[in-house]
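*Asks:* Got a structure for you, written out below as structure tokens; questions coming shortly.
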Amino acid sequence: MLAKTKGMILKQRGIGENDRMLTVLTSDFGVIEVSAKRAKSTKSPLSAATQLLAYSELCLFKGRQSYYILDSAECIHTFYPLRLDVVKLALAGYFCELSKTLSPSADTAWEFLRLLLNTLYLLQEGRLPDDLLKAIFELRALSAAGFMPNLVGCSECGRFEAEGLCFFPLDGILICESCGAGTPMWREDVLRIPLPPPVLSAMRHIIFSEPERMFRFQLTGNSLSRLCWVAQQYTLLHTEGNFKSLEVYQSMKLPASTDRKENFPELGEKQNKNDDT
Ligand SMILES: [Zn+2]
């Protein structure tokens, strides 16, 4: 049976002299494996459409195998400028690896693909800080994959705004200081992240806004660092992820944009008592 769909090449590996095996996020089937015969040759019409980060129209054949077979392909967009910047390329690789790990189902695949395409486009354009794009993609992708945190208000008293609201990444909930202090949730070995109002507002905006508005806000300095750190902790906790591409991105980032680790405990470390400003 032949089927047409559009998809982003998340991963490609060479098979033998001429062939490629692809991992593709498609708008109709979610994440699938595709065998692309003779796609490795630069003379092949399939070559450009099956390279990493290509967004292509694909004509696929599904036989008895677990994977699809590529019949023909046409490249719609290559994100070529990303290949000229190793840091952005590493971050794009992380977006692809996270997409593959979260593997959205067929019914959420289009929403997910649109998020990936928009994020890569903005990464290529460079109009927003790379780290901000990373946080937006992480929180929005996790939410689309069924891990939406509950940021409406304190999960105990329901208040939208309250003194000392903290985020509990493992449970994906907020608890305010007057509800939580003195309870087991406030123990030092429970990962609890104080969220200053600008960071909480940014997280709410990312998660609750319409797709066309999600990238329209600004955050800088310590608030941006905190947002990035929270989004990454939340992602790593809920994917049990060990993302090689994330390590590459972090090793390449300019020192000026690295997180201030002294303020942000690593996963599994005790909560820093003074980390509440
Ligand atoms: Zn409360």
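*Asks:* Residue by residue through segment 136-183, note down the ones that are over 26 Å from D107 (Cα atoms) and among the hydroxyl-bearing types (S, T, Y).
*Replies:* S155, S178, T183
*Asks:* Sticking with this structure for a sec: Please identify the pairs in which a residue from segment 234-248 that is over 16 Å from L10 (Cβ atoms) and in the same structural domain as M203 (by TED's automatic domain parsing) has its Cβ atom under 7 Å from the Cβ atom of a residue that is among the aromatic types (F, W, Y) and buried (at least 16 other Cβ atoms within 10 Å of the Cβ), counting only partners at least 6 apart or on another chain.
*Replies:* H238/F147
*Asks:* Also, I was wondering about something else. If you check A135, A109, which single one turns out to be out of contact with any helix residue (DSSP H, G or I) (no Cβ under 9 Å at 6 or more places or on another chain) and buried (at least 21 other Cβ atoms within 10 Å of the Cβ)?
*Replies:* A109
*Asks:* Name the residues in segment 151-193 that are closer than 23 Å to T235 by Cβ, more than 13 Å from the ligand (Cβ to nearest atom) and surrounded by fewer than 17 Cβ atoms within 10 Å (Cβ to Cβ), would you?
*Replies:* Selection gives L170, D171, D189, V190.
*Asks:* Confirm whether A73 is closer than 20 Å to G14 by Cβ and either touching a Lys or Arg at 6+ places or on another chain (Cβ under 8 Å) or of a type outside the set (S, T, N, Q) (or both).
*Replies:* Criteria met by A73.
The values are calculated or read from the model by the stated rules, or taken from the named source; none is laboratory data. Please read these numbers as outputs of a predicted model, since none were measured by experiment. Heads up, the Cβs are rebuilt from the backbone with ideal geometry, glycines too, and the neighbour counts pull from every protein chain shown.
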